[in-house]
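Trainee: Quick one: the structure is below, questions incoming.
The values are calculated or read from the model by the stated rules, or taken from the named source; none is laboratory data. The shown structure was predicted, so the numbers you read here are calculated from the model rather than taken from an experiment. All Cβ positions, glycine included, derive from the backbone under ideal geometry; neighbour counts span all protein chains shown.
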Amino acid sequence: MGEGALSELLDKYRNKGRKYDCLVPVSGGKDSAFALSKLKDVYRMRVLAFHYDSGFVSEQAVDNLKRMVQVLDVDLLTVRSSRSLQEKLLKKSIVTWCRNPDLIPLLCIGCQNAIEGGAFRVAKAEGIPLIVQGGSLLEESLFKRKVTTYHSSRFVHTLLKFIKDPLYYPTLLPDYLRSNLEFPPVNTRKTTRSIVDFHGVHFIHFFDYTGYDEQKILSTVKDRLGWKREKETGSTWHIDCEVHALVDHIFQRRLGFTEKDEYYGRMIREGIIDRQEALRRIDEEKRNAIHVRKVIDRLFHKLELFGSERDYIMSL
């Protein structure tokens, strides 16, 4: 679509909201930080940064968030879910997966609707007409769709997972439905339209217009915002949530590859990196495995999960 199309589109929303022109969900990761900086610096939008705190946000992501909103002089609104509910969902997901490790684990189920649903709820309450997502399609995993029934509605999609595996998931269903009472399920991606209208609030995806340039993103957020990689592993991949370390560990040990590998494959096909660079990163990540295990172990302590499930996962 191009940055010209994005600029023309944003002109339609400027000064249309009460206090803010748009809301940008931010995690502390590089992509949402880049989108936030460009919307403020280049497109001169009145931006509200929105952060969903699941309880498992890494320290580095928190530091990045504090620094970016201070440098850009934008307001940050943080929404926290019921901490006990999030921990309960994650703990149950781990325990139930260990009983049947041939299934795809639902470790991120507690946040599936919270980020976009929370952003919608805040935008509606604040009279903000537009939400600009900073996530990239390059990071959307396709292999998980191949092994489960897929539906365009995220809420229906998850319920179909429950139905498909009736001996495994029912323990999660009550708490999952409770989480949907906190944040309404919002589907902003599964459409061919560039703008998604959800009850009067419009959603767009920043990188649909600008394209994805990893080096430009990293250099911008480092130089402009003082953004930093994850301290222990040196990674730029999903540093916003410690649960991702556990997800990658399980996929790598059970399937032989991770969502990150799929991400690298897409970047190769798009010409963003070459195959040698992807292999170099994979080798580097293998050398950092001990640090990843430290992150996972810290997560288990936070969940007070010290039994056979922890031993099984750590032994994979």
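Trainee: Is it true that residue 43 is under 23 Å from residue 120 (Cα atoms), touching a His at 6+ places or on another chain (Cβ under 9 Å) and surrounded by fewer than 24 Cβ atoms within 10 Å (Cβ to Cβ)?
Mentor: No, not satisfied.
Trainee: Follow-up question, since we're still on this one. Mind checking whether some residue in the range 83-99 is at pLDDT below 85, under 28 Å from residue 128 (Cβ atoms), part of a loop (DSSP other than H, G, I, E, B) and among the polar types (S, T, N, Q)?
Mentor: Scanning the range 83-99, I find no residue that is at pLDDT below 85, under 28 Å from residue 128 (Cβ atoms), part of a loop (DSSP other than H, G, I, E, B) and among the polar types (S, T, N, Q), so the answer is no.
Trainee: Could you list all residues from the range 223-239 that are at pLDDT 75 or above, surrounded by 14 or more Cβ atoms within 10 Å (Cβ to Cβ) and more than 14 Å from residue 28 (Cβ to Cβ)?
Mentor: If the condition is that a residue be at pLDDT 75 or above, surrounded by 14 or more Cβ atoms within 10 Å (Cβ to Cβ) and more than 14 Å from residue 28 (Cβ to Cβ), then 224 is the only one that fits.
Trainee: Name the helices (runs of 4 or more DSSP H) wholly inside the range 215-316 in which the number of residues that are basic (Lys, Arg) is 2 or more. Please lay out each step first, then the result.
Mentor: Values: elements: 243-255, 259-269, 275-287, 289-303, 308-314.
The helices (runs of 4 or more DSSP H) meeting that bar are 243-255, 259-269, 275-287, 289-303.
Trainee: Considering only residues of the range 292-316 that are buried (at least 17 other Cβ atoms within 10 Å of the Cβ) and within 16 Å of residue 248 (Cβ to Cβ), which is modelled with the lowest pLDDT?
Mentor: Among those residues, the one meeting the criterion is 292.
Trainee: Here is a follow-up. Taking residue 49 as the residue in question, decide whether it is surrounded by 14 or more Cβ atoms within 10 Å (Cβ to Cβ), at pLDDT 95 or above and either under 30 Å from residue 85 (Cα atoms) or touching a helix residue (DSSP H, G or I) at 6+ places or on another chain (Cβ under 7 Å) (or both).
Mentor: Working: surrounded by 14 or more Cβ atoms within 10 Å (Cβ to Cβ): yes; at pLDDT 95 or above: yes; either under 30 Å from residue 85 (Cα atoms) or touching a helix residue (DSSP H, G or I) at 6+ places or on another chain (Cβ under 7 Å) (or both): yes.
It is true that residue 49 is surrounded by 14 or more Cβ atoms within 10 Å (Cβ to Cβ), at pLDDT 95 or above and either under 30 Å from residue 85 (Cα atoms) or touching a helix residue (DSSP H, G or I) at 6+ places or on another chain (Cβ under 7 Å) (or both).
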